[in-house]
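*Asks:* Attaching a single structure in structure tokens format; questions to follow.
The values are calculated or read from the model by the stated rules, or taken from the named source; none is laboratory data. The structure presented is a predicted model; accordingly, all values stated were derived computationally and were not measured. In this analysis, Cβ positions are derived from the backbone assuming ideal geometry, glycine residues included, and neighbour counts consider all displayed protein chains. The protein model used for the area step is the full one, side chains on, heavy atoms only, and it has no ligands, DNA or RNA in it. Shrake-Rupley method; radii C 1.70, N 1.55, O 1.52, S 1.80 Å.
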Amino acid sequence: MAMHSHIERILWSEDQISRRVSELAALISADFPSSSSSPPVLIGVATGAFLFLADLARKIDLPITVDFIRADSYGSGTLSNGAPTISLDLKVDIMGRHVILVEDIVDTGHTLSKVIAHLKSKGASSISVCTFLDKPARRKVTFEPVGEGKTYRGFECPDYFVVGYGLDYAELYRNLPYIGVLKPEHYN
């Protein structure tokens, strides 16, 4: 397939991803009491987190609610514009609920901190962050979980432009089953 030829190298294979998602789901399942009258709400940051959220949700051994929020910060480029906006809000009421914010990648931190502040303003009792990839080399803004919230990280990502497993360049490559480094000639 031509799309695979655009990849310089694979950082994490489909099997490695599956194993790590199972580990994260087990951690989340252990951290949230199933006896709670209000199940945690998994909120996926659209569109990048949709595959990760689907796989994670299927492996969490708890009753959960799922919703999506959209925060736009990239457009069709490779760098965050540093000023994300919430363009699609929640349908689920999160007042007094435990929220697990599911993100594909934390890069500069601008989007994540904006979304956390937005969810906090809606009255979530705690906000945990579950990011598939964390790219600390690019961090500009720190983020903190809210209340009793925790941070879950899939993989620490080196400072490469990566695609696959939900991550895109100009809305392409999301359907790759692995995380790969996109060859520069395909985004410059």
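*Asks:* Would you pick out the residues in the stretch 165-184 that are open to solvent by less than 20 Å² (accessible area, probe 1.4 Å) and of a type outside the set (Ser, Thr, Tyr)?
*Replies:* Gly166, Leu167, Leu176, Ile179, Gly180, Val181, Leu182, listed by residue number.
*Asks:* When only residues in the stretch 77-126 that are among the polar types (S, T, N, Q) and surrounded by 15 or more Cβ atoms within 10 Å (Cβ to Cβ) count, which is modelled with the lowest pLDDT?
*Replies:* Across the stretch 77-126, the extreme among qualifying residues is Ser80.
*Asks:* Here's a check for you: in the stretch 55-64, which residue that is open to solvent by less than 40 Å² (accessible area, probe 1.4 Å) and at pLDDT 95 or above is farthest from Leu101 (Cα to Cα)? Break it down stepwise before answering.
*Replies:* Let us first name the residues in the stretch 55-64 that are open to solvent by less than 40 Å² (accessible area, probe 1.4 Å), namely 56-57, 60, 62.
Still in the list and also at pLDDT 95 or above: 56-57, 60.
Values: Leu56: 12, Ala57: 12, Ile60: 14 Å.
The qualifying residue farthest from Leu101 (Cα to Cα) is Ile60.
*Asks:* Residue under question is Val141, and the condition is that it be crowded, with 18+ Cβ neighbours inside 10 Å and either of a type in the set (A, V, I, L, M, F, W, C) or within 21 Å of Phe68 (Cβ to Cβ) (or both); does it hold? Can you show your working first?
*Replies:* On the way: crowded, with 18+ Cβ neighbours inside 10 Å: no; either of a type in the set (A, V, I, L, M, F, W, C) or within 21 Å of Phe68 (Cβ to Cβ) (or both): yes.
When the stated conditions are applied, Val141 does not pass them.
*Asks:* Is there a residue being touching a Cys at 6+ places or on another chain (Cβ under 6 Å) and either within 20 Å of Pro184 (Cβ to Cβ) or assigned to a helix (DSSP H, G or I) (or both) anywhere in the stretch 125-133? Spell out the reasoning first.
*Replies:* First, the residues of the stretch 125-133 that are touching a Cys at 6+ places or on another chain (Cβ under 6 Å): 133.
Those left that are additionally either within 20 Å of Pro184 (Cβ to Cβ) or assigned to a helix (DSSP H, G or I) (or both): 133.
So far as the stretch 125-133 goes, yes, one or more of its residues are touching a Cys at 6+ places or on another chain (Cβ under 6 Å) and either within 20 Å of Pro184 (Cβ to Cβ) or assigned to a helix (DSSP H, G or I) (or both).
*Asks:* Of all residues being open to solvent by 60 Å² or more (accessible area, probe 1.4 Å) and over 18 Å from the mean Cα position of the chain (by Cα) in the stretch 21-54, which is nearest to Val115 (Cα to Cα)? Just the residue, please.
*Replies:* Selected residue: Asp31.
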